[in-house]
């Protein structure tokens, strides 16, 4: 089967879910974050996903987030709706509601319990007729989905066009998938953002981080423009923030909510339980990293505007 590469390249931001002080969705805050991200040059949005606290959201809240994202993005960026559910019936229901809301691109996060069951779960959603399915290859303990299964699904399921790889380690999996599919399966990186430069060297098409949009877009543009030493300089400056925020998914959610609040984009830094506590040591170091990140983003914006690009001159 001949399948063209899905046109998803660049930075696809995973949107944190903003909440009001009384624990309702802050859709105005979501739009503000998206407007900032679009101005920074992102290629798309993924919502709701794990960084969005997806399993703490009701079906109606998830639909509201996706509808808002579709409205704000318009034709300027791709929107991928998260249909993550561990229960097959609920997953199919969620996918159907997203499609009814006008979201044609879906992310599936399916627990792996054998190849046949996994393929059946994918087909249940594929039969609903999405334009694009992205499968999340999520495994913090190992190599994730079998390569043979990925290739078989790619050849047999027309809508399966993208794979988000989040395995340990991610690098060899990127290379193996790209080689096995002749580069036709669109491959994205997510949680392994701490190896972003390595991923780009391996040929990964897109990266899906949270926040700090202008920095990630700048790194991607510099790298793809052949200015790899400068891309690496910027990435190296970003590493202290990643070292702190990527200790754990819950720490990342806490941190980026606080960063967006400090930037004046989200009205609160509220998170929903259950979630790992953010103790006084986390708070102290987060304040330091937030100040550092905001300064770095300011310099990145100047670089994007052509004032300066090398961090040695900033």
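Listed values, structure above:
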{"quantity": "Burial ordering of 134, 297, fewest other beta-carbon atoms within 10 Å first", "calculated": "297, 134"}
{"quantity": "Anisotropy class of the range 123-232 from Cα gyration tensor, a/c 1.5 cut", "calculated": "prolate"}
{"quantity": "Highest-fluctuation residue, 73, 37, 101 considered, GNM on the chain with Cα pairs under 10 Å", "calculated": "101"}
{"quantity": "Packing-based exposure ordering (other Cβ within 10 Å, fewest first) of 36, 174, 292", "calculated": "292, 36, 174"}
{"quantity": "Model label zone, residue 249; criterion: amide N under 16 Å from point 7 Å along Cα-to-beta-carbon; scope the range 158-186", "calculated": "164-168"}
{"quantity": "Mean ellipticity per residue at 222 nm, deg cm²/dmol - from DSSP H runs of n ≥ 4 across the chain, formula -39500 (n - 2.57)", "calculated": "-15500 deg cm²/dmol"}
{"quantity": "Protection proxy ranking, peptides 6-18, 82-94, average beta carbon neighbours within 10 Å, highest first", "calculated": "6-18, 82-94"}
{"quantity": "Footprinting exposure proxy for 251, 219, 265 (fewest neighbouring C-beta atoms within 10 Å first)", "calculated": "251, 265, 219"}
{"quantity": "Antiparallel bridge percentage (DSSP; both residues within the range 10-225; nearest 5)", "calculated": "5"}
{"quantity": "For the range 160-239 versus the range 51-115, the gap between their alpha-carbon centres in whole angstrom", "calculated": "23"}
{"quantity": "Relative packing of 22-31, 158-167, which averages over residues the other C-beta atoms within 10 Å, highest first", "calculated": "158-167, 22-31"}
{"quantity": "Overall Cα dimensions of the range 1-143, principal axis frame, Å, largest first", "calculated": "43, 38, 34"}
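Taken together, the values in this text are just the output of simple stated rules run on the coordinates, not laboratory data. Values in this document were obtained by computation on a predicted structure and should not be read as measured data. Here Cβ is always computed from backbone atoms with ideal geometry, including for glycine, and neighbour counts include all displayed protein chains.
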